[in-house]
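Enquirer: Quick one: the structure is below, and I'll ask about it shortly.
The values are calculated or read from the model by the stated rules, or taken from the named source; none is laboratory data. Note that the coordinates shown come from a computational prediction; the quantities given were computed from them, not determined experimentally. Backbone-built Cβ (ideal geometry, glycine too); neighbour counts: all protein chains shown. Quick note on the areas: whole protein, heavy atoms, side chains included, nothing else; ligands and nucleic acids left out. Shrake-Rupley method; radii C 1.70, N 1.55, O 1.52, S 1.80 Å.
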Amino acid sequence: MKRIIPGAVALAAATALALTGCAGDGGGGGEGGEIVVGGIAGTTGAYGAVGVAVINGTQMAVDEINAAGGIDGRQIKFVWDDDAADATKSSQLFQQFVSEGAVAILGSPDTGPTTAALGDQMQIPVLGAVDDGGLTVYPNGPDEPPFAWTFSTSLNTFAWGAKIADWAIANCPGGLAMLHDPTTYGLGGLAGFQMSLDAAGKDFVYVESITENWGSGATVNLDAEIQKIVDSGADCVEVWLTPGDEAAFMQEIASLGLDDLVVLGNDVTNADATFVDLAGPEGDGMISALLTSDVYPNERLQEWQQKYRDLFDGLEPGPFAELSYDAVYILKQVIEDADGATDPESIRAGLNALTDFDGLTGSLSFTEQIHTTINKEQLTMVQWSFDSKKWEPIE
Amino acid sequence: MLQVLLSGLTVGTIYGLVAMAFAIVFYVTKVINFATGQLLMVSILLVSGLVKLGLPDWLGIVTGLVAATVLGVATYFIAVRPVLRFDRFSFAWLVSTLGVAIVIQATFALIYGPASQPFPRGLHAIPVRLGPATLTVQEIVTLAVGLLAIVGWHLVRRYTLLGKLGKAISTDPEIASTVGANVTAFAVGAFAIGGFLAGLAGILVGPITYGNPYLGDTYGIFGFIALMIGGIQRPAAAMGGGLVLGVLSIAANTYIGAQASDWFPFVLVLLVLLLTPNGVFASGDQLRRLFRTRRAYQQGVNA
């Protein structure tokens, strides 16, 4: 979930490097044989619910592993803090956790470009909910190499963009418009769309980038954009914005009587209940994609989800909690496969060789070139039904 | 074009109400209440929370407005009066009102959590077509409230004893108090009206922006920009600043691009501060004076 502009990332990374003098001895391990793992997530701010899910999912896995004897007899010490979706804070936390002996950093879902860049510069593995994959992991585009030290189990903007674009190509004969966030989050979605559109020889009839208020949650004025979309003749519009702005968009077009306009969402539209809570009845009909494992949860996932609710006072689990839980178990397996070695290079090599890890979010693998676990084949197109209060599969 | 104008005026009225809230407090006390944006947030979140609990919309709205008003007054007693009593010319209120803003924000984040809360759509669900443009009934009500705020302020200030006393206190509180004006009561009243206007702006914008503990920053900043554009000395001028900001922001968004709404307001306020440092609608009509000065200079050169 990207909210950081590239310039800010570069500045934050440079600041951290200047402060540390290229720190990071990389030995790791912590005191008393503990394995220190750092966690960075925005648990406050308008979209803090995502960060809370990341921390809860991670903590759940850490507690389970420690209760079962740890990793090769060593307990995991999970140290985390709130980056408040702030790149500078995130870089300071990264540096702090590395100096405390963290063998890997989990996150951040809010400042992923910062943690990914620092991971490469300080040569520390970065794992889990690293923003929304996509351009955060592949800063130079999907065909170029990823950050060498970043391994995202997170939702992947490339995958969601490509999957939803495939659906739009088949179902939007009048043309497709897109409004997107200007950060790597929105640009990643745009890149995903562009991959599918290029392959089909198609293009948008209208594209516009809109800066949003990720910090305060204030919606942006969409009246002018809606008018431009209507003028473009598009019969479908991809609204790659915050869940709050997506909800506002649905309500505005309902007020304007634009009932025929098909609205498409993104990877965070259904990652939690924000969109459906805010949009109310006007949210009915929103189309997006969802992890197939969440559309058709198996027994194991259902049990896990119930356990999550029990542990966290009825809080609904979501993909960010699930994928963060997976990330900890992936780290455990990699360390065990390396006979307990926790030096950064061993962990990185293990992650690059991870094959068919049986996670809550599916069968997960990394290679030297593929550093995101979720691809479009793992997704199912869904549509929100206000009556059934469910995202119903439409394929 | 009509749609741009109407949408701009609607958004501008919200900014203008927040700017008026700043300006009325400043008019009487010469203090800027930096918690004004948070008072807007309080009214939105209280309505969201109470309606969620099953209360009727109207009761939630009344409670939200009362709460914003009371919190406005509380801000005066907690963060302003003590520092001004210690030193009348102190600027400590800069920090103390900001502190109140942070405390209110953190308290509501603790109660409501970080996620946005739905707000009753009410009149915002009813569209009204005006030729090629469409507004909702809520937006028409917003425009009417803005007009009422300007006219009401003008009538009270000009034609009531209360308004004349306020003007006297604004000019010189010490002399006003020597002739019997209760300066503290007026200060309390100003903070109450400021809180009420900010709360009202929240009720009017709630269906569009929903409720979130962190909203105060965004609307506080835009309200402050509107204040700088219109002029800090006159509350009605602050509303004018809001309308100018709203219309030009929407026009920039439409004719330049969506990204323009990020930087355009700041360019605008910079231009205003360069050309008319006291605001576009400030007394003395500085723009006219500016052009008159240039004309006189030109005539002198020609002569």
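Enquirer: Partner chain Cβ atoms within 10 Å, averaged over the residues of B:163-175 - can you pull that number for me?
Expert: Mean shielding by partner chains, rounded to a whole number: 0.
Enquirer: A follow-up question, please. Starting from the Cα-Cα distance between residue B:158 and residue B:90, subtract it from 0.36 nm times their residue separation and give me the gain in nm to one decimal.
Expert: Full extension from residue B:158 to residue B:90 adds 21.4 nm.
Enquirer: What residues qualify as long-range amide H neighbours of residue B:126, i.e. H under 5 Å apart, gap of 5 or more or another chain, H built at 1.01 Å from N?
Expert: B:137, B:138
Enquirer: Got a number for the accessible area of residue B:89? Probe 1.4 Å, square angstrom, nearest 10.
Expert: The value for residue B:89 is about 150 Å².
Enquirer: With a 1.4 Å probe and all protein chains left in place, how much of the accessible area of chain A comes from carbon and sulfur atoms, in whole percent?
Expert: Using a 1.4 Å probe with all protein chains present, chain A comes out at 51 percent carbon and sulfur.
Enquirer: Let me ask something additional. So if we plug the beta-carbon distance of residue A:99 and residue B:140 into 1/(1 + (r/R0)^6) with R0 = 56 Å, what FRET efficiency do we get, rounded to 0.05?
Expert: After rounding to 0.05, the efficiency reads 0.45.
Enquirer: Looking only at A:80, A:304, A:240, which one moves most when chain A is put into a Gaussian network model with springs between Cα atoms under 10 Å?
Expert: Comparing A:80, A:304, A:240 in the GNM, the peak value goes to A:304.
Enquirer: What FRET efficiency comes out for the pair residue A:88/residue B:103, r = Cβ-Cβ distance, R0 = 25 Å, nearest 0.05?
Expert: Approximately 0.60, to the nearest 0.05.
Enquirer: Considering only A:365, A:99, A:216, give the residue with the highest GNM mean-square fluctuation for chain A, with springs between Cα atoms whenever their separation is below 10 Å.
Expert: Between A:365, A:99, A:216, it is A:216 that shows the largest mean-square fluctuation.
Enquirer: For chain B, what is the charge dipole size about the Cα centre, in debye to the nearest 20, if Lys and Arg each add +1 at the Cβ and Asp and Glu each add -1 at the Cβ?
Expert: Here the size comes out at about 760 debye.
Enquirer: Please give the calculated 222 nm ellipticity per residue for chain B, where each DSSP H segment of at least 4 residues contributes -39500 (n - 2.57) and the sum is spread over every residue; nearest 500 deg cm²/dmol?
Expert: -25000 deg cm²/dmol
Enquirer: Please give the net charge around residue A:308, taking every other residue with its beta carbon less than 11 angstrom from that of residue A:308, where Lys and Arg add +1 and Asp and Glu add -1.
Expert: -3
Enquirer: Sticking with this structure for a sec: Take chain B, connect every pair of alpha-carbon atoms lying under 10 Å apart with a spring to form a Gaussian network, then pick out the residue of B:256, B:102, B:169 with the largest mean-square fluctuation.
Expert: Highest fluctuation of the listed residues: B:256.
Enquirer: Still on this structure, please answer the following. Collect residues whose amide H, placed 1.01 Å from N in the peptide plane, falls under 5 Å from the amide H of residue B:257; neighbours closer than 5 in sequence don't count.
Expert: Residues meeting the amide H criterion: none.
Enquirer: Sticking with this structure for a sec: The stretch B:249-280 to the stretch A:326-346: how many Å between their Cα centroids?
Expert: What the calculation gives is 53 Å, centre to centre.
Enquirer: Got a sec to turn the phi values of the stretch B:78-85 into Karplus ³J(HN,Hα) couplings, 6.51 cos²θ - 1.76 cosθ + 1.60 with θ = phi - 60°, whole Hz, x for Gly and Pro?
Expert: 8, 10, 10, 4, x, 6, 6, 5
Enquirer: Just by accessible area at a 1.4 angstrom probe, what is the order of A:212, A:316 from largest to smallest?
Expert: A:316, A:212
Enquirer: Hey, what do the phi angles of the stretch B:150-156 turn into as Karplus ³J(HN,Hα) couplings, whole Hz, using 6.51/-1.76/1.60 and θ = phi - 60°, x for Gly and Pro?
Expert: Ordered by residue, 3J(HN,Hα) equals 5, 5, x, 4, 4, 5, 5 Hz.
Enquirer: Suppose each label sits 7 Å from its Cα in the direction of the beta carbon; what would the residue B:1-residue B:266 distance come out to in nanometres?
Expert: 3.2 nm
Enquirer: Return the tail of the calculated pair distribution for the stretch B:2-302, meaning the percent of Cα-Cα pairs more than 28 Å apart.
Expert: The share of Cα pairs beyond 28 Å in the stretch B:2-302 comes to 40 percent.
Enquirer: Turning to a different aspect of this structure: Order B:25, B:51 by their accessible area, 1.4 angstrom probe, all chains in place, largest first.
Expert: The residues order as B:51, B:25, largest area first.
Enquirer: Let me ask something additional. Which entries of A:163/A:389; A:89/A:389; A:77/A:307 have Cα-Cα distances beyond 26 Å here?
Expert: Table pairs above 26 Å Cα-Cα are A:89/A:389.
Enquirer: Also, I was wondering about something else. Jot down the per residue volume, in cubic angstrom and as a whole number, of the convex hull over the alpha-carbon atoms of the stretch B:124-187.
Expert: Cα-based convex hull of the stretch B:124-187, divided per residue, equals 105 Å³.
Enquirer: With a cut-off of 8 Å between alpha carbons and a minimum separation of six or more residues, what is the relative contact order of chain B in percent?
Expert: Over chain B, the number comes to 35 percent.
Enquirer: Between the alpha-carbon centers of the stretch A:134-174 and the stretch A:200-236, tell me the distance in whole angstrom.
Expert: Measuring centre to centre over Cα atoms gives 19 Å.
Enquirer: Probe radius 1.4 Å, ligands and nucleic acids left out: which of A:259, A:313 has the largest accessible area, and how do the rest follow?
Expert: A:313, A:259
Enquirer: Okay, moving on. Can you check what the Kirkwood hydrodynamic radius comes to for chain A, Cα pairs only, in Å to one decimal?
Expert: 21.0 Å
Enquirer: Bin all alpha-carbon pair distances of the stretch A:57-125 at 10 Å intervals from 0 and give each bin's fraction as a whole percent.
Expert: 19, 48, 27, 5
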